Structure formats: C-alpha cells, structure tokens
1. Being open to solvent by less than 50 Å² (accessible area, probe 1.4 Å) and charged (D, E, K, R) is the filter here, so list the residues in segment 53-62 that pass it.
2. Of everything in segment 63-80, what is open to solvent by less than 30 Å² (accessible area, probe 1.4 Å) and in contact with a helix residue (DSSP H, G or I) (Cβ under 8 Å, 6 or more places away or on another chain)? Give them in sequence order.
3. What number of residues in segment 1-59 are in a loop (DSSP other than H, G, I, E, B), among the basic types (Lys, Arg) and in contact (Cβ under 8 Å) with a residue 40 or more places away in the chain?
4. What do you reckon, is residue 5 surrounded by fewer than 17 Cβ atoms within 10 Å (Cβ to Cβ) and under 18 Å from residue 65 (Cα atoms)?
5. Only one of (1) open to solvent by 50 Å² or more (accessible area, probe 1.4 Å); (2) at pLDDT 95 or above fails for residue 50. Which number is that?
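The values are calculated or read from the model by the stated rules, or taken from the named source; none is laboratory data. For clarity, every value in this text was computed on a predicted model and none was experimentally measured. Cβ: placed from backbone, ideal geometry, glycine included. Neighbour counts: every protein chain shown. For accessibility, only protein heavy atoms count, side chains too; no ligands or nucleic acids. Shrake-Rupley method; radii C 1.70, N 1.55, O 1.52, S 1.80 Å.
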Amino acid sequence: MIRCTGNCTSIWIPLTTKGTPSAPAGVQLGTVMRPDGRTQVTFNGKPLYRFAEDSSPMSVNGNGVSDNFGGKSFTWHVAAPGKTSAVSSGRGYGY
C-alpha cells in the first residue's frame, strides 16, 4: 500500500520503473502501482524511496527519520539485503 503521496514525495522520492526490476539472488524486488499511475519498485513487498537530501547512492541521511505528511506518520529505514527490517511506529513505514 502506498502511503507516501503529495508533499511526501518531494522529500521521499518514489523509486519508479518502466520495466521489471532485477536483482541478485536472494533480493526480492517487485512492483506496485502508485495512485498517480507510475510503477514503484518494492523490496520484500515494501515500496522503495530515495531521500532528497542524500547526495550519493552511499548516503543514508534519511535512515531512522520519523516524519508526518497529511496526518500519516512514517519512520524510514535503509533497505539493505539481510540487514533490513521494516520497523513501524504503528502508523506507517517506508524505506
């Protein structure tokens, strides 16, 4: 389920694709349709986002950040095979 829409996507940029994502063995990528009609990549069933303030692929400044958009609370975590678990505040989550 996509919970980050509207203003949320100006900070948490959806990772979208026009094709089928591929990954090494053991990494479970998929897709989900966004409300705007774009196809978003998922990791273990959770939608993937990029943090606008990260300056490179190795930057993880958004890891552990909690925020609120449109009355929805999120806690964001870096997606890394074998190291990631979705931690929820009970109101939402993201990667």
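1. 54
2. Matches in segment 63-80: 74 only.
3. Of the residues in that region, 1 qualify.
4. yes
5. Among (1) open to solvent by 50 Å² or more (accessible area, probe 1.4 Å); (2) at pLDDT 95 or above, residue 50 violates only (2).
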